[in-house]
Structure formats: C-alpha cells, structure tokens
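Structure first, commentary second.
The values are calculated or read from the model by the stated rules, or taken from the named source; none is laboratory data. Small disclaimer: the values here were computed from a predicted structure and weren't measured. Glycine also receives a Cβ, built like all others from the backbone with ideal geometry; neighbour counts cover every protein chain displayed. With ligands, DNA and RNA removed, areas are computed over all heavy atoms of the protein, side chains included. Shrake-Rupley method; radii C 1.70, N 1.55, O 1.52, S 1.80 Å.
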Amino acid sequence: MVNLRGMTWDHARGYDPMVATSAAYAAAHPGVTITWEKRSLQAFADRPISEMAETYDLMVIDHPHVGEVAKQGNLLPLDGLRDAEMAALAAGSVGLSHPSYTFAGRQWSLAIDTATPVACLRPDLLGQAPKLWAEVLDLARAGRVGFALIPINALMTFFGMARNLGHDVAEGPEHLIAPAEAAHVLGLMREIVALVDPRCLTLDPIGIYEWMGRSADAPAYSPFGYGYTNYSRPGFCPHPLAFHDAPGIAEPTPRGTVLGGTGIAVSAYTKHPEIAVDYAFWIAGADCQKGLFTASGGQPAHAAAWEDDTCNALTGNFFRNTRQTLETAWLRPRYDGYMALQDRAGDILHACLRGEATEAATLAALDAAYRESRA
C-alpha cells in the first residue's frame with residue numbers, strides 16, 4: 001500500500017480538485033492513496049518549501065518560490081522524465097503558466113492552475129467592463145468600484161500598472177521602478193484609493209468577490225483581482241459574477257498584469273517518486289484539466305480547458321472572457337531573495353495607501369528593500 005501526502009491551500013479552488021483527482025487516480029491505481037492537507041493561503045505562503053518537502057510527497061506551490069527551490073534542491077526536477085508529455089504541456093500553456101516553473105534550466109513544477117488580476121462585474125448592476133482606467137475612475141467616483149488592496153494585492157497592482165505602461169520592474173540594480181515612473185503609478189493608486197470604500201484596504205480578491213457576490217448592496221465592478229471561476233459558476237453565490245479582461249491604463253489593452261496560479265511539485269525526499277510524478281503529469285495534462293479538474297472547481301492552466309465549450313459554459317465564459325489578460329500577463333521576478341522583497345514591499349506600499357507614509361518615503365523604502373533583496 002502506497003500513501004502519498006500532499007499540501008495545498010485552503011479554498012475550494014485549491015483543495016476540491018486535488019481531492020477529486022486523487023480519488024480518481026486511486027481508483028485507477030489499486031493500492032495507491034493520496035491524501036491532502038490544507039492551510040490558509042497566507043500560512044501556506046509563509047511556510048518554507050524546504051520544510052514542507054520533508055513532510056509531504058506532493059505540494060501545490062506558486063512560481064516565485066522557484067529561485068530558492070533551485071538553490072536548495074528540495075524538489076524533484078521534472079524535466080527529462082517524460083519528454084513528450086512535457087512538450088505537450090509547454091505547447092498547451094496559457095500565457096507563461098508553464099515556463100513560470102522553469103528556472104536554472106530545470107522544470108520544478110507543472111502548472112495546474114493559472115490566474116492573473118482580471119476585471120469582475122455584477123451583470124445585474126453593470127452592462128460592460130471598462131477598457132480604460134479613466135472609465136474605471138468614473139465608476140469609482142460614482143461609488144461603484146471595489147478593489148482588493150491588502151498589501152500583497154496592492155503590490156501586484158503597483159507592478160501590473162507599471163508593466164501596463166511599459167515600465168521596467170526589478171531590472172536595474174538601484175531602483176525597483178524608475179523614480180518618476182514609480183511616482184506616477186503610486187499617484188494613480190492613491191487617487192482611486194481615495195474614491196473607494198476604506199474596507200477595500202482590508203480585502204483580498206476573495207473578500208471582494210464575497211462582497212460582490214453575496215450582498216445586494218455591493219460594488220458593481222472590480223478592476224484588478226486574481227480571478228476565481230468559482231464566483232462565476234451557477235449556485236456558488238447568490239449573485240454570480242462575470243469576469244472580463246482587465247482595463248488598460250493609457251491604452252485599451254490588459255497587458256502587464258502579474259501572473260499567479262499554482263503548480264504541482266514533487267518532493268525530492270519522496271519514497272515513491274514514480275507514482276508522485278505520474279499523478280503530477282496526469283492532473284497537469286489536457287484531458288484531466290478540461291475534465292475532472294475543472295468540473296471539481298479547479299481553475300486550469302491548460303489551454304485545452306480554456307478553449308473548451310463545456311468549461312466555458314460551466315463558468316460563464318470566464319476563460320474566453322479573460323484569455324487576453326492571461327496571455328499578456330507579466331512574469332514577476334523569481335530570483336532567490338525575491339520572496340523577502342514581496343513580503344516587505346507590500347507592507348511599505350500599503351502604509352502609503354493608508355496615508356501613513358509620504359510618496360517620497362515610500363519610494364525610497366521600496367528601493368532600499370529591493371537592493372537588499374538583490375544583495
């Protein structure tokens with residue numbers, strides 16, 4: 001009897017498809033069981049992969065960790081094991097989902113879930129999604145906008161707006177973003193923060209979608225929030241939401257939002273690597289992704305699911321409506337040290353949005369944190 005242990009994150013999207021696919025895999029492979037544990041998204045992010053790899057055979061991870069993973073050697077590299085299947089996964093990648101787990105010439109995880117900040121609206125309250133930031137501001141002035149702005153989401157918005165405008169992020173040695181460009185983006189963010197409900201500074205995307213999807217008196221629109229197909233599925237919430245491509249800042253293009261999502265990784269310490277690898281390739285493959293994975297509440301990373309009529313019917317055309325945003329999403333830095341920057345920079349930015357720090361002090365602190373992360 002082989003029992004594999006897995007760790008994922010505590011949300012229907014992160015947990016339910018892992019349980020469903022593991023049950024199906026076990027049914028097809030007598031003598032094998034896979035059990036999953038879950039932690040809050042924040043607790044999951046805070047626990048080092050090195051620690052989890054010593055406890056679990058399988059882990060659902062996000063790609064910014066791969067720089068430290070490559071250095072520490074806690075995960076089993078998946079390249080060179082099944083070349084034909086790997087090539088098919090690369091060809092079926094939505095945007096940079098698959099290559100986001102490639103680092104230092106190795107593949108550390110297989111994309112099974114993808115996301116990026118997209119727009120969301122209540123169809124009963126708003127007819128169509130704005131394509132330009134000026135239109136978003138008009139809605140905000142009318143009190144119709146909700147915005148996920150806890151520290152991590154504020155930082156992803158800061159990066160995404162900068163990339164949409166064509167600004168470099170984390171490219172030079174001294175500045176996270178060139179000072180004048182960073183000041184412009186920060187000014188845009190402060191402007192809309194002054195127009196939305198203060199509770200937005202305490203909410204992540206799930207909080208915004210819960211508000212929009214379960215309250216009669218709720219915002220009609222959210223411009224940037226990591227998408228969750230759950231909220232566009234019939235019966236998940238009283239007011240099903242519709243997701244669309246994100247707005248552009250100066251031009252009507254969603255490019256530059258910050259790629260998210262998760263991948264399935266195998267511990268370097270597992271005693272059953274062949275079985276763990278087999279399961280990982282199966283759930284990342286086209287058939288499972290557009291079938292059981294999506295049907296069980298998952299948010300697939302494979303284009304076969306994004307193009308599938310059944311998957312789109314199940315989610316209110318979530319995949320077709322947001323595809324351009326995913327295809328033009330930006331891959332954030334993954335160097336060893338980036339995660340420390342991400343943890344600090346979100347808090348620095350958030351203090352400014354709360355009115356507790358000046359723009360000048362905020363930009364100086366961001367650059368200092370960036371240089372330290374690169375040291």
Bins of 5 Å, starting at 0 and running to the largest distance - Cα pair percent for segment 301-375
3, 14, 16, 12, 10, 10, 12, 11, 9, 3, 0
Compute the semi-axes of the equivalent ellipsoid of segment 123-166, taking the square root of 5 times each eigenvalue of the Cα gyration tensor, and list them largest first in whole Å.
21, 14, 9
Could you tell me which GluC sites (Glu not before Pro) in segment 152-216 are loop residues by DSSP with no more than 14 other beta carbons within 10 angstrom of their beta carbon?
GLU171, GLU174
May I ask for the net charge around TRP133, where only other residues with Cβ less than 12 Å from the Cβ of TRP133 are counted and Lys, Arg are +1 while Asp, Glu are -1?
-3
Mind jotting down the distance between the C-alpha centroids of segment 202-270 and segment 293-325, whole Å?
13
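Hey, what's the chain come to in accessible area per residue, 1.4 Å probe, Å²?
Solvent-accessible surface per residue comes out at 38 Å².
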Counting only C-alpha contacts under 8 Å and six or more residues apart, can you give the relative contact order of the chain as a whole percent?
27
Which lysines, on any chain, are close to LYS71 with Cα under 16 Å apart, when same-chain ones fewer than 8 places away are left out?
none
Given segment 1-132, what percent of its DSSP beta bridges are antiparallel, to the nearest 5?
15
per DSSP, antiparallel bridges as share of beta bridges in the chain, % nearest 5, sits at 60
Rounded, prolate or oblate: which fits segment 7-118 when a ≥ b ≥ c are the square roots of the eigenvalues of the alpha-carbon gyration tensor, with rounded for a/c under 1.5 and prolate only if a/b beats b/c?
rounded
Sites ASP79 and ARG374 - FRET efficiency at Förster radius 30 Å, r taken between beta-carbons, to 0.05:
0.65
Which Cα, out of GLY235, THR322, MET52, lies furthest along the positive dipole direction of the chain (beta carbon charges, K/R +1, D/E -1)?
GLY235
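Between the DSSP loop rule and a limit of at most 16 other Cβ atoms within 10 Å, which chymotrypsin sites (Phe, Trp or Tyr not before Pro) in segment 76-162 are left?
Qualifying residues, ordered by number: none.
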If the convex hull is drawn through the Cα atoms of the chain, its volume per residue in Å³
124
Under 1.5 on a/c is rounded, so check that first for segment 166-236, then, if it is not, pick prolate when a/b is larger than b/c and oblate when it is not; a ≥ b ≥ c are the square roots of the alpha carbon gyration tensor eigenvalues.
prolate
Return P(r) of segment 157-305 (all Cα-Cα pairs; 10 Å bins starting at 0; whole %; ordered from short to long distances).
9, 27, 30, 23, 10, 1
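For a distance above 13 Å, tell me the whole-number percent of Cα pairs in segment 56-100 that qualify.
65
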If you average the sequence gap of Cα pairs under 8 Å that are 6 or more apart and divide by the length of segment 207-286, what percent do you get for the contact order?
19
